Amino acid sequence: MFWHPLLLAILSAQFMSLLLMLAACPTWVNTVLNWQPLVADSGQLSLEAKAEGASILGRAACGLALFAAGLLIFGIANIFCEDIPGAMCGTGVCQAMAANGSTRLLLYSGLLLLLMKLWYELDRLNRMLPEMPLTQTSARLFLVIPVVAVLTLKQTYEAFAGIRPHQPVDCCAVVYDQFSTLEQASSIFGIGDTVWAGAFIVLNILLFVLSVGLIVLRRDRPRARSLLAAVTWLWLPVAALMLVNVLSAYHYRVLHHHCPWCLFLPEHHLVGYPLYGAMAIIGMEGLTIFLLPCLVKHDTGIYWIGLDRCWHAAKRITMAQLVFLILAVLPAIVWRLRHGVWMSG
């Protein structure tokens, strides 16, 4: 077992978050079964008070889960590699974990954050009106979250349990070993980098136009919101592939070093944190824009408040996209202007 003080902090934060969720669950179960907003008896008033307490516990659990996820990324990217022979970045740490352990861990952590983000938005809207019309909807969603939290905690333990501190890893050599020819290194899934670059440009234009259009018009446009969410989900994988396979070379000053974790290293100015953070914001806000109006459309009183939140989400998408483009694309443009040629020729 790989024991590290930071790992203990991560597990402790995940465990405390899970305890807060479990403490709130009985109230949410009672809310789902017995919530009667039109009744003003002592039972309903007591349940409303308990629901407010459960909401506070849920928000605290969200904060701890986000803190644990941040520590996990920081540990994998910058800390744990110091105690694993041969590891120079997060690639070596992930390689040292049990088979596919890091992949499942990152997927569970991302899913947990997405669910908690959606619940937080529902809870926030619910507390804006004294009638709390979304209490049962947010309660049902919250009851799903502890299941994912348990899986995340279990996977965190199992992933790091597979690490043998004295067993060396190949780290970034694995990145180069996956390519047997130069043509493979210059393509993604058999498609040339030029095609991906074209798709990346088109999706960025669409994402910017749709998000700015939603901000400016400020009208109820379900099709526009759905289209923006769809473009967001298409943009994320294409942007990730372009960043790792093409644009990261202008940070590394080395071609075909397709390592997503080296961007987090100090020698590259920790640029991975704002880059991947911007992508995470775009992904979560895209989900908010699509699902939030669907979950509140049955209540006209809160529907327009939900739409206003969608407009703010579109603003965040635009700002995050600009941050991503400045940090990811600007170094490539500067290189082209300085040397008169792209790194790939």
Exercise. Taking helices (runs of 4 or more DSSP H) that do not extend beyond the stretch 1-115, which have at least 3 residues that are closer than 27 Å to Y252 by Cα and out of contact with any Gly (no Cβ under 8 Å at 6 or more places or on another chain)?
Worked result: 42-74, 90-96
Exercise. For the stretch 127-141, how many residues meet the condition of being in a helix (DSSP H, G or I) and either modelled with pLDDT of 95 or more or open to solvent by 70 Å² or more (accessible area, probe 1.4 Å) (or both)?
Worked result: 1
For this session: Quickly run through the stretch 96-126 and pick out the residues that are surrounded by fewer than 21 Cβ atoms within 10 Å (Cβ to Cβ) and modelled with pLDDT under 85.
Result: A98, A99, N100, G101
For this session: Considering (1) assigned to a helix (DSSP H, G or I); (2) within 21 Å of I326 (Cα to Cα); (3) within 20 Å of the chain's Cα centre (by Cα); (4) modelled with pLDDT under 95, say which one A197 fails and leave the rest.
Result: (3)
Exercise. Of all residues in the stretch 238-260, which are modelled with pLDDT of 85 or more, farther than 12 Å from M279 by Cβ and assigned to a loop (DSSP other than H, G, I, E, B)?
Worked result: S248, C259
Seminar exercise, completed: Residue count, the stretch 235-269, condition β-branched (V, I, T), touching a residue at least 40 places away in the same chain (Cβ under 8 Å) and surrounded by fewer than 22 Cβ atoms within 10 Å (Cβ to Cβ), comes to 1
For this session: Taking the options G272, G306, name whichever one is buried (at least 21 other Cβ atoms within 10 Å of the Cβ), at pLDDT below 85 and small (G, A, S).
Result: G306
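The values are calculated or read from the model by the stated rules, or taken from the named source; none is laboratory data. Computed from a predicted model, the values in this text were never measured in an experiment. Here the Cβ is made from the backbone with ideal geometry for all residues, glycine too, and neighbour counts use every protein chain on show. Surface areas here come from the heavy atoms of the whole protein model, side chains and all, with no ligands, DNA or RNA. Shrake-Rupley method; radii C 1.70, N 1.55, O 1.52, S 1.80 Å.
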